[in-house]
Amino acid sequence: MPIRNPEIECMSREEIEKLQSERLVAQVARMYEKVECFRKRMDAKGLKPEDIHGIEDLHLLPFSYKSDLRDYYPYGLFAEPLDNIVRIHASSGTTGKRIVVGYTRKDLDIWSECVARMMNALGLDNRDFVQVSYGYGLFTGGLGAHGGAELIGATVIPTSSGNTALQIQTMIDFGSTALCCTPSYAMYLGEEVERMGVKDQLRLKVGIFGAEPWSEEMRKKIEEKLGIKACDIYGLSEILGPGVSGECEYQCGMHVWEDHFIPEIIDPDTGDVLPAGASGELVFTTITKEGFPLIRYRTRDICSLNYEKCKCGRTHVRMNKPNGRTDDMLIIRGVNVFPSQIEEVLLKVSGDKVTPNYQIVLDRVNNTDTFDVNVEMSESFFADDVKSVAALEKTITEQLRSMLGISAKVHLVNPNSIVRSEGKAKRIVDNRAGKM
Ligand code: DLL
């Protein structure tokens with residue numbers, strides 16, 4: 001498959017490190033001047049920008065965290081005046097407040113370039129029809145994939161998510177050759193295609209799926225059902241959205257675009273950098289971002305890095321599929337959910353009608369996540385009539401939907417019916433393992 005930018009994508013390790021060092025030094029100096037949170041952390045460590053000479057000094061720099069985005073909400077971490085910010089995206093925070101990021105024009109161009117590299121790596125070009133079925137909006141999936149597809153000159157079909165029958169009709173009528181969506185939605189589309197018996201009417205050849213963990217078994221099933229090559233794409237709102245890394249045609253790890261992002265793997269407990277190949281928490285430093293740069297951002301995703309040269313000829317390091325997190329963030333139907341957000345809704349909505357005993361039950365039925373929230377009623381409310389119970393369930397359901405952007409089935413259950421734990425409360429029952 002053609003390589004979009006061989007001079008960059010196939011650089012030697014020495015060249016990559018030289019470029020990263022130059023960019024890191026410049027980024028640190030710039031952020032020290034412009035971002036108060038970063039300057040304070042550097043000062044607390046007794047560090048000045050002059051102490052950073054290259055990537056060999058990366059480990060000296062302070063970490064940054066998701067909580068920083070909450071503490072400096074909404075624009076406090078931006079490194080450019082708002083006049084230069086041309087786009088905002090947002091994602092779930094650990095509380096009701098979302099995390100907010102901003103892009104300059106140049107940031108958007110780099111983002112599109114990162115996605116375009118992957119699309120080209122999968123053989124897509126201006127003859128292709130790319131159906132973008134990730135959600136468009138504050139979520140980065142839709143507009144992120146869109147920018148890359150336009151840059152390679154493909155014809156973009158921006159269907160956004162939902163309306164499955166219309167998605168399939170669009171694929172058939174418009175001749176979509178590539179599909180971008182979450183893997184669970186791809187699986188669902190595959191099943192519907194099978195049920196409708198229209199697989200032979202599809203022209204799809206490639207799928208670009210990410211935003212949530214998925215297994216090799218799931219990959220095989222999607223490939224079979226849709227008759228495509230299914231490839232993994234990774235990203236997070238804080239760093240870039242989709243395209244921080246992506247698979248090439250060999251599907252053996254996602255190339256991290258190292259001219260823009262420096263990945264590290266650390267021990268989540270000690271913060272120590274782990275040797276190449278070890279599994280630990282993934283940390284990113286953005287070395288070209290203008291609007292919302294981050295140094296040593298703790299992603300909470302667990303994975304490892306592989307520095308061996310890939311069969312495709314690209315030298316940029318490959319990360320394996322993230323296989324867990326160091327925090328309690330759940331990804332339900334592609335949407336990030338923190339149990340603390342659910343707790344916040346329950347406290348706000350219910351007064352003394354419910355107890356703080358609740359349980360989130362997740363499962364996977366027909367390849368779609370089910371999401372149930374069981375909440376114990378208080379003794380006094382339990383005595384009330386069925387109508388008021390139904391009304392409260394409805395209110396909690398609506399509030400959760402407005403907080404999280406997805407629907408949960410809320411069940412008010414009898415007092416003392418949720419099993420008590422002797423240690424930490426077991427708030428989450430996740431039965432999805434092995435069903436992906
Ligand atoms: O999910 C960005 C994205 C959109 C990536 C479309 C790929 C495709 P957030 O909503 O901020 O951003 O969620 C980021 O999702 O920290 C991971 O835990 C998880 N995640 C993203 N991609 C993958 C993947 C987007 N390919 C969080 N495999 C990240 C496993 C993934 N987990």
Set of lysines near K97 by C-alpha distance (under 18 Å), chain-local residues within fewer than 8 positions excluded
K66, K348
With an 8 Å Cα cut-off and a minimum separation of 6 or more residues, compute the relative contact order for the chain in percent.
14 percent
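Could you check how much of the accessible area of the range 1-327 is carbon and sulfur, as a whole percent, using a 1.4 Å probe?
On the way: 6510 of 12910 Å².
Carbon and sulfur atoms account for 50 percent of the accessible area of the range 1-327.
Considering the convex hull of the alpha carbon atoms of the range 177-263, report its projected area averaged over all viewing directions, in nm², one decimal. Walk me through the numbers before you get to the answer.
Details: hull surface 23.5 nm².
Mean shadow area of the hull around the Cα atoms is 5.9 nm².
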As an exercise, identify the trypsin sites (Lys or Arg not before Pro) in the range 196-251 lying in DSSP coil whose Cβ has no more than 16 other Cβ atoms within 10 Å.
R203
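Please work out the Kirkwood hydrodynamic radius for the chain, using every pair of different C-alpha atoms, and report it in angstroms with one decimal place. Walk me through the numbers before you get to the answer.
On the way: mean 1/r = 0.0434 Å⁻¹.
Across the chain, the inverse of the average 1/r is 23.0 Å.
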Please identify the GluC sites (Glu not before Pro) of the range 301-384 that satisfy two criteria: DSSP loop assignment and at most 15 other Cβ atoms within 10 Å. Which are they?
E308
How big is the range 95-175 in terms of Cα radius of gyration and Dmax, in angstroms?
14.0, 44
Probe 1.4 Å, all protein chains in place: accessible area of L19 in Å², nearest 10?
30 Å²
Sequence order, the range 347-357: Karplus ³J(HN,Hα) from phi using 6.51 cos²θ - 1.76 cosθ + 1.60, θ = phi - 60°, Hz rounded, Gly and Pro as x, gives 5, 6, 7, 9, x, 9, 7, 10, 9, x, 8
Please sort by residue number the GluC sites (Glu not before Pro) in the range 384-422 whose DSSP state is loop and whose Cβ has at most 16 other Cβ atoms within 10 Å.
E422
Table column - 3J(HN,Hα) (Hz), the range 427-432, Karplus curve with 6.51, -1.76, 1.60, x for Gly and Pro:
7, 10, 10, 10, 9, 7
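Calculate, for the chain, the solvent-accessible area per residue in square angstrom, rolling a 1.4 angstrom probe over the heavy atoms of the protein chains.
Details: 18670 Å² over 436 residues.
Using a 1.4 Å probe on heavy atoms only, each residue of the chain averages 43 Å².
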Residues whose built amide H sits under 5 Å from the amide H of L138, excluding neighbours closer than 5 in sequence, are none
Hey, if you drop one equal point scatterer on each alpha-carbon of the range 324-364 and run the Debye formula without solvent, what base-10 log of I(q)/I(0) do you get at q = 0.20 Å⁻¹?
-0.71
Between R300 and residues 5 or more places away or on another chain, the pairs with built amide H atoms under 5 Å apart involve L282
Kindly provide the helix-only [θ] at 222 nm of the chain, computed as the sum of -39,500 (n - 2.57) over DSSP H runs of four or more divided by all residues, to the nearest 500 deg cm²/dmol?
-10000 deg cm²/dmol
Sorted from largest down, give the three principal axis spans of the alpha carbons of the range 30-98, whole angstrom values.
37, 28, 19
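The values are calculated or read from the model by the stated rules, or taken from the named source; none is laboratory data. Note that the structure is predicted; figures quoted are calculated from it, not measured. Reconstructed Cβ throughout: ideal geometry from the backbone, glycine too, with neighbour counts over all protein chains shown. Ligands, DNA and RNA are stripped out before the accessible areas are found, and what is left, the full protein with its side chains, is counted by its heavy atoms. Shrake-Rupley method; radii C 1.70, N 1.55, O 1.52, S 1.80 Å.
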